[in-house]
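Reviewing the structure listed below.
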Amino acid sequence: MNDEETLIPGGEDGSTTTANTQRRPPRVSTTNSNQNQHQSGVSAFARNSTKKSRNIHNNTTSSPRTSGGLSVVGGFRNPRETFQNIAATAAGTLEDRNTLMNSSSSPRESAPAVVFGATVSDRETNMASLRLRRMTAFESHDYDPIDCDIEEEQLRSRKRAEYQNEEWWKWTLSAIIGVVMGFVAFVVDGLVDKLNSFRFGMAMRLVVGDGENQDASKFYAYISSLFVTCCLAAVAGGLVSYVEPLAAGSGIPELKTYLNGVHLKGLLRLKTLLAKLGGVAFSIGAGLIAGKEGPFVHGGGLVGGGLCSFGSHSLGFKTRRPNHFRNDRDKRDFVAIGTATGVAVAFGAPIGGMLFTVEEGTSFYNSSMLWRGFLATCVGVLTSHWLEQLDFDATDFARAKFGTHRDFGLYTDDEANYSKQYWWYFWEVPIFAMIGCLGGYIGALFVNLNVRVTAWRAKYIPVNDKFRRFLEVIAVAALTFTVMFVFMAASPCLEIPAPLRDGHTNLANELDRFEYGEASKEEIRTDFFSKMYCPEGYYSSYGQLFFVPLSQSFKFLLHLGEVGENGQAHEFLFRFDLLVFYFLAMFSLMTVTYGVGAPTGLFVPSLAVGSAMGQICGRIVNSVSGWILTDVQIDLHAYAVIGAAASLGGATRMTISITVLVMETTGSMQLIIPLMLTIFCAKAVGDRFSHGIYDTHIKIRGAPFLEEPELAGPAGDKLRVNEVMAKTMITIKPRMRVRDLIGILASNDHGAFPVTENPPTKPGEPFELHGTITRNRLLKMITHRIGFFDGNPESRPADVYGYTTAKDRDDLLDKLKQIPFKSPHVAEVAASLSSVEMDSAWIDVSRLMQRHPFITHADARVSRAYRIFRTMGLRHLYVTPDKPLVVGVMTRKDVIQENTSLTLGEKAERIMAERRSSGGGGVDGEAEGADAFPGGANLYSHDYADRFKSKKNEPSSARRGVDERGGGSTANDDWNNQFGDDDDDHRSDEEEDERLPYIPYYQGNAGDDDDDDNDDDHHRGNRDAQNAAAAEDGTENTADTEGSGGNGGFTNISGASIVRRANGPDNL
């Protein structure tokens, strides 16, 4: 690397980006080639502003594609030149902005920029430009359902049973995700236990208490244990460096980015799952300061996304039936459900797992996802508990007690009796708030230090250097073991507590046996108070926390002493200097380890650091309170729990999910109010200094992550859409030569293309948008020869697309789905075409393009466009002129289910009436759905632009009949004629009983009918509501006189029509 390049910090996996910061290439100017492009159906223009160069790349593929023809940034022929041009344009923008900023150096002159919300310092400008440069490597998902003609035809032909079948599969897959993740958790936990037992068991056998050659035995034990540690770390690092780099880290930033709508190539592959979950077991087994919870989040998302695809790209198969959920929107929900299940089985906390996904994971919340996630987390935790009990004692399964063991509990609930272990005093509330503030400071310090470590790692251990990255994992594991061993070897020896000594009576709570019937005293003394290098009757004070697995030391800090191991006097089991050393060592190692090239989680390390901090604070409070209130006993267990929550909240900035997770895993229900206050203070203080660790790594990676609109910053309120939009677009025609389309796809990296018959002639010129189609769909169409024809303009769509049955149509659409098989590269597609196909074949995209893309006004604020992007999960948003044409208006009462279902019934009745009048007769109930309810005018015609013409002013057949019989009528008469009730004389008593009384939400909601009227006779109440609504509209109730003649034969609309009449066309 030369002196003219600087490295930008990468993500938590250590990825890097090279940016030229001293010698900036000149800006590239391109010429308009509209004449040639128009002949091939292309409309593309060179950008006239460097700030627009980044916009066109926001939704491009991850690797630049090159070929002959137009380039996305001005005629470059290879990826390196393309990237250099992107960097040059970004650098040019940066140069202009720096010049502007430096021209106002005084605080007074820079004040307007601060007020406007713009970047004011060189550092802010540099970071913003570098992040924009990194965004060119990302592609977005489109969560807007495809609304093309063939998809619409398929939806029209779907029967009610198909919708029910799809809903059944949603719930069934959610339960299956829970079962699979339960098995996965059981296997990974078992592997972690085996590796920990092997490593620490061998080390403890080599450690001797006393003897003549103690120094030599220590060295031999250190070297032997270090070799085992390095071997385990090599497996974890090798799985990341040589199998799947995306398996590094916790995976939470990557999953959060994915659920926000950004595609990360390889994130949900099968080998990523194996490398992630297999690697985290070896990472923990090697003694890295890491937890399994973060990788389980990634693993759960992998399981959820893989199962819903009903196939696998890696294994090369997909099922023919069922074939639901092969779209980005449904896959997003199942990935979110999988992440919730991963947290749930990792912590044994189903509610906390679901709340984690709602708060931190998914950006698109919906109640259906919440309910199905609730089922998945429940089934997952139940499965893992069932397997654990079978593994422990399958012969006595019927008598085993469930629900008494906490994931972070040292003893069972019966033994610990948590209702007596956790308490707090009202005067401690400010102290808990101060602990929360301290946790926020420590979390912000951790984030900032980790950013510096990540920057150093990106410079000297880049992600593309596999060997260095592999060695780093081994080096960090060796460093961690060395620190632990040194503290253990230099530990002072303390006498074993009196209740655990030989000859002493039972423990303070008179329990003889603990946890599944094991003898308590011997087990506790051997496992919890190991002597290591201490003489008999003593235990290693430092080794008690340093020379055990990280999760075990965390449990000691939380729960050791709950069953009276420390005697009736409740003497402290941990030396104060031990707590300080443990806090400093774990914090430092956690900062270095997070982001290493191995699967590592942050939850347990952060909780362990916080529990030590809480114990320290509790000891200080106990000392101070002893001077004032001598008879007050401080609960150190409560302080350890509070400190753990404060540390994790300060690092991640989560609130509700942490509160529930800590309560579920520690049994500290009594501490709910202190926990809420502490976590709130930790987040409030931490947010003043930095983002959370996950959001920080997302920003470092440069992903175009869309925050909630409230957190997007003020700049969007001060800019209009036409000031940030890309005016240069490459368009395609609905019918064009295959060779021309291949040339367009090869010449740029655009993710989607507007479809129009008349391309614009200059940038920013309005053109008629007939639809839009994505690159992936175009590549799939060419691969499977869909829409190919000989170029004859008289060719009908049925001849072009070649399907004659519903089954053929469904198979055609299934070929176009991006999941589980991805679209090939354009070069591969071009190579698969014969010379005849390239030269003479045409392609028709009209029936497979997105007919109704989202649009916004050119003079709208950017914040409005941002809300549309964030809320709808869009990939592209097209901009219309300031004054678009309007053909109608809708309210929420128009789209509500009751109204749409009634309107659909009227439409079906009208179609049937037209068939009967034409002599076609009725429709058999067993007829094919597409034949029984055709699309009619919505299908493609030769002049498909006619489809966009308004049909609103054309009278229906029912309306024409009324006009022919009775002449003209008012708008409200037409409303009442179309939706009025049947004549009461023609209704039976049973039909009257089915009517629903209309009860307004408040007085005056619909006429003058309210709760003060006499509602004893519901028939009269309904009639009063009708008359009141009619009187308000200035018309008379005609329901009794006109019967069913005005609605085309559609009868018995029932009481719902009362609401519709009251909210007629004059009452929008």
Lysine pair number, Cα distance threshold 14 Å (strictly under), the range 711-910, separation 8 or more or different chains: 5
Projected label distance in nm at Leu382 and Arg575, using a 7 Å step from Cα toward the beta-carbon: 5.0 nm
Heavy-atom accessible area per residue - the range 711-910, 1.4 Å, Å²: 48 Å²
Given charges at Cβ of Lys, Arg, Asp, Glu: the range 329-455 dipole, positive-most of Leu375, Phe446, Ala346: Phe446
Long-range amide H partners of Gly597 with built H, under 5 Å: Val473
Reach of Lys194 by Cα under 17 Å, taken over lysines that are not fewer than 8 positions away in the same chain: Lys292
Where labels lie 7 Å past Cα in the beta-carbon direction, separation of Glu768 and Ser121 in nm: 5.4 nm
Extension gain from Thr630 to Leu226, taking 0.36 nm per residue of separation minus the Cα-Cα distance: 140.6 nm
Cα-centred dipole magnitude for the range 630-759, charges only on beta-carbon of K, R (+1) and D, E (-1), debye, nearest 20: 860 debye
Per-residue HN-Hα couplings for the range 147-159 [Karplus 6.51, -1.76, 1.60; θ = phi - 60°; Hz; x = Gly/Pro]: 10, 9, 4, 6, 4, 5, 4, 5, 5, 5, 8, 5, 9
Low-density loop cleavage sites - trypsin sites (Lys or Arg not before Pro) in the range 631-699, where at most 14 other Cβ are within 10 Å (DSSP): Arg688
Extension gain from Lys807 to Tyr425, taking 0.36 nm per residue of separation minus the Cα-Cα distance: 130.5 nm
Cβ-derived FRET efficiency at R0 56 Å, Val887 paired with Phe392, nearest 0.05: 0.20
Sparsely packed GluC sites (Glu not before Pro) within the range 738-841, loop by DSSP, other Cβ within 10 Å at most 10: Glu794
Where trypsin sites (Lys or Arg not before Pro) fall in DSSP loop in the range 274-360, at most 14 other Cβ within 10 Å: Arg320
Cβ charges +1 (Lys, Arg) and -1 (Asp, Glu), total dipole of the range 711-910, debye: 660 debye
Fraction of beta bridges assigned by DSSP in the range 711-910 that are antiparallel (%, nearest 5): 75 percent
Segment Arg158-Ala175, extension gain: residue separation times 0.36 nm, minus the distance between their alpha carbons: 3.6 nm
FRET efficiency estimate (nearest 0.05) - Cβ-Cβ, Glu495 to Ser623, R0 25 angstrom: 0.65
Packing rank of 861-867, 717-723, where each peptide gets the mean count of other beta carbons within 10 Å, highest leading: 861-867, 717-723
Projected label distance in nm at Ala455 and Ala908, using a 7 Å step from Cα toward the beta-carbon: 6.5 nm
List Tyr365, Tyr582, ordered by accessible area with a 1.4 Å probe, largest first: Tyr365, Tyr582
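The values are calculated or read from the model by the stated rules, or taken from the named source; none is laboratory data. Every value quoted in this text rests on a predicted model; they were computed, and no experiment measured them. Neighbour counts run over all protein chains shown; Cβ positions are idealised from the backbone, glycine included. Side chains included, ligands, DNA and RNA excluded: accessible areas come from the protein's heavy atoms. Shrake-Rupley method; radii C 1.70, N 1.55, O 1.52, S 1.80 Å.
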